[in-house]
1. Being hydroxyl-bearing (Ser, Thr, Tyr) and under 15 Å from the mean Cα position of the chain (by Cα) is the filter here; which residues of the range 172-221 pass it?
2. Considering only residues of the range 142-171 that are part of a helix (DSSP H, G or I) and farther than 16 Å from residue 217 by Cβ, which is farthest from the chain's Cα centre (by Cα)?
3. Farther than 21 Å from residue 225 by Cα and under 21 Å from the mean Cα position of the chain (by Cα), is that true of residue 118?
4. For the range 222-239, which residues satisfy the criterion of being in contact with a Pro (Cβ under 6 Å, 6 or more places away or on another chain) and not in a loop (DSSP other than H, G, I, E, B)?
5. Find the residue count for the range 195-218, including only residues that are under 18 Å from residue 156 (Cα atoms), open to solvent by less than 20 Å² (accessible area, probe 1.4 Å) and assigned to a loop (DSSP other than H, G, I, E, B).
6. Look through the range 64-111, keep the residues that are in a helix (DSSP H, G or I) and at pLDDT below 90, and return whichever of them is farthest from residue 189 (Cα to Cα).
7. Out of all the residues in the range 40-54, is one or more at pLDDT 90 or above and out of contact with any strand residue (DSSP E or B) (no Cβ under 8 Å at 6 or more places or on another chain)?
8. Look at the range 154-176 and say how many of its residues are in contact (Cβ under 8 Å) with a residue 60 or more places away in the chain and crowded, with 19+ Cβ neighbours inside 10 Å.
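The values are calculated or read from the model by the stated rules, or taken from the named source; none is laboratory data. Everything numeric in this text was worked out from a predicted model, so none of it was measured. Ideal geometry is used to build each Cβ from the backbone, glycine not excepted, and the neighbour counts take in all protein chains shown. Side chains are part of the model used for accessible areas, which takes the heavy atoms of the whole protein and leaves out ligands, DNA and RNA. Shrake-Rupley method; radii C 1.70, N 1.55, O 1.52, S 1.80 Å.
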Amino acid sequence: MKTVGLRKNDERTGRKAGAASSAAAVTAGAEGHHTRAAIVQLLLEEGPITATAIGNKLGLAPAGVRRHLDALIDSGQARASRSAPWQQKGRGRPAKQYQLTATGRGKLGHAYDDLAGAAIRQLGEIGGDQAITDFARKRARTIVAGIEPVGEHTPETTEAKAEEIAEAFTDAGFAATTRKVGTGVQICQHHCPVAHVAEEFPQLCAAELEAFRDLLGTHVQRLATIANGDCACTTHVPLLVLPITTSKAAPQTAAQPATVRTNDSGRSAE
């Protein structure tokens with residue numbers, strides 16, 4: 001009887017251990033999913049970014065970060081490239097930088113794309129191209145509603161206004177940031193919730209650029225757009241601008257975009 005009892009206990013112990021192992025596997029899977037999602041979010045908002053930087057921000061071991069990055073690369077959702085020479089700190093081989101691909105961004109979802117596209121097409125049939133342009137302008141103005149145009153033009157005020165615009169677009173789902181590049185600042189929209197619609201209706205992108213110009217009071221230049229297949233929408237804003245004048249002898253001048261490429265199109269140096 002004791003032997004039988006021991007066997008029953010062993011069987012129960014085995015079942016309990018098996019159940020515990022299954023629960024642990026489920027927990028590990030959930031944690032892995034959340035970690036992968038956090039890494040994808042960093043690639044979206046701050047890419048190109050190194051594995052070391054990701055680990056530092058999320059408190060993860062380098063091996064764990066690279067395992068997730070390798071999985072994202074294998075699935076076509078991310079890609080790696082070497083840092084540009086100017087980005088390298090210290091000696092040694094340039095570190096790899098990682099960023100999302102168009103496939104990776106596509107998995108984030110583009111809500112109501114089909115419905116929005118159909119609605120705008122119908123709007124065009126009723127009111128023509130001007131109706132679509134007016135709609136795009138109203139949409140852009142709605143995103144930046146409450147932001148006052150820049151007053152006195154100084155590098156500090158222009159940069160601050162660019163940051164204010166980026167915050168408004170982030171609130172609208174564009175994951176926008178700003179960064180200083182040479183004598184200018186760039187507004188980078190790392191995600192576009194209407195990218196597929198903007199591919200068909202470029203008026204949406206044009207209206208955003210127009211809103212930037214109106215608020216910043218200076219010439220701005222689009223360097224890249226997600227709708228055109230780039231990894232981010234990047235707009236260059238010069239910080240050094242002379243007052244606009246009607247005199248032909250003193251034309252308006254503006255700083256040109258930096259010649260050193262960063263991730264202006266979402267692509268780091270290969």
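1. Within the range 172-221, 177, 178 qualify.
2. The extreme case among them is 142.
3. The answer is no for residue 118.
4. 236
5. Number satisfying all stated conditions: 1.
6. 85
7. Scanning the range 40-54 turns up at least one residue that is at pLDDT 90 or above and out of contact with any strand residue (DSSP E or B) (no Cβ under 8 Å at 6 or more places or on another chain).
8. Qualifying residue count, the range 154-176: 3.
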